[in-house]
Amino acid sequence: MLPALRVLRPHQRPILQARWNSSLNGSQGGDSNETNEQYAGILNVLHRTKDAQEKRTVISDVLNESTMPKTTTSDVDTMFDMNDLASSLSKIDQTPHQLHINATFNNTIVTLTRPNGSPLITTSGGTAGFKKAQRSGYEAAHQAAMQLLEKMQAKNLQVNNLHMILKGFGPGRDAAFKALVSGSTWNVGRITDATPIPFGGCRPKKARRL
């Protein structure tokens, strides 16, 4: 673009004249093209934002619909879990009965007691019909345990939780334990071995010679 020419005439104001420049018109055309491109870009951005908003709304609706049944099922699961927890806690709160198995080398005595320790039923190898040395055998302990279960059914005793206390190392220890565990549906929550162990003290009795 050429600079403007200033022409002065008498008694006239200065007039600015500019020559025609093709480059100026070309630049104006370029500016118009640029503005058109800018407008087109803005319109594209607006269309894209509208499409994105529509997609977001659709996606949000799908997500909401998909999450609704999951929340309900989770609530149901938590309800079932709470019920199981309440039932387990109620079982824990119940104080267990005590079942004592005293297995000596001469006899096997089985006693069912209340939670405070007062006896309910007592059986042994002698009450099962065995005499003298037979009272300490395996079969005598098994029959004594079965007799205790029969007496429980006759008295209609409901024992849910049980604490088993074993004492002694007689031959009827395992027989009574297996018969009582497998012969009833009670829940054995604890097993204790109360066999006394000597340490120091008085001189023990002389062992028998067999």
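The values are calculated or read from the model by the stated rules, or taken from the named source; none is laboratory data. None of these values were measured; they are calculated from a predicted model. Cβ atoms come from the backbone with ideal geometry, glycine included; neighbour counts cover every protein chain shown.
Hey, any hits in segment 191-208 for a residue that's closer than 11 Å to residue 101 by Cα, among the acidic types (Asp, Glu) and surrounded by fewer than 17 Cβ atoms within 10 Å (Cβ to Cβ)?
Scanning segment 191-208 turns up at least one residue that is closer than 11 Å to residue 101 by Cα, among the acidic types (Asp, Glu) and surrounded by fewer than 17 Cβ atoms within 10 Å (Cβ to Cβ).
Let me spell it out: the conditions are (1) free of Cβ contacts under 8 Å to residues at least 60 places away in the same chain; (2) surrounded by fewer than 19 Cβ atoms within 10 Å (Cβ to Cβ), and residue 167 meets all of them except one. Which number is the exception?
(1) is the only condition that residue 167 fails.
Among (1) free of Cβ contacts under 8 Å to residues at least 40 places away in the same chain; (2) more than 37 Å from the chain's Cα centre (by Cα), where does residue 103 come up short?
Only one criterion is unmet by residue 103, namely (1).
Find all pairs meeting these conditions: Cβ atoms under 7 angstrom apart; at least six residues apart or on different chains; first residue within segment 174-190 and assigned by TED's automatic domain parsing to the domain that holds residue 161; second residue of a type in the set (Ser, Thr, Tyr) and modelled with pLDDT of 90 or more.
175/138; 176/108
Return the residues of segment 127-137 that are over 19 Å from residue 99 (Cβ atoms) and either crowded, with 19+ Cβ neighbours inside 10 Å or modelled with pLDDT of 95 or more (or both); say none if nothing qualifies. Full working, then the answer.
From segment 127-137, those over 19 Å from residue 99 (Cβ atoms) are 129-137; that's our starting set.
Result: 130, 135, 136.
I'm trying to understand the selection: among the residues of segment 170-190, which are over 19 Å from residue 124 (Cα atoms) and exposed (fewer than 14 other Cβ atoms within 10 Å of the Cβ)?
The initial filter retains those residues of segment 170-190 that are over 19 Å from residue 124 (Cα atoms), namely 185-190.
Selection gives 185, 187, 190.
Which of the following residues is in contact with a Pro (Cβ under 8 Å, 6 or more places away or on another chain) and of a type in the set (A, V, I, L, M): 103, 140? Lay out the reasoning, then the answer.
Working: 140 fails: in contact with a Pro (Cβ under 8 Å, 6 or more places away or on another chain).
When all the criteria are applied, what remains is 103.
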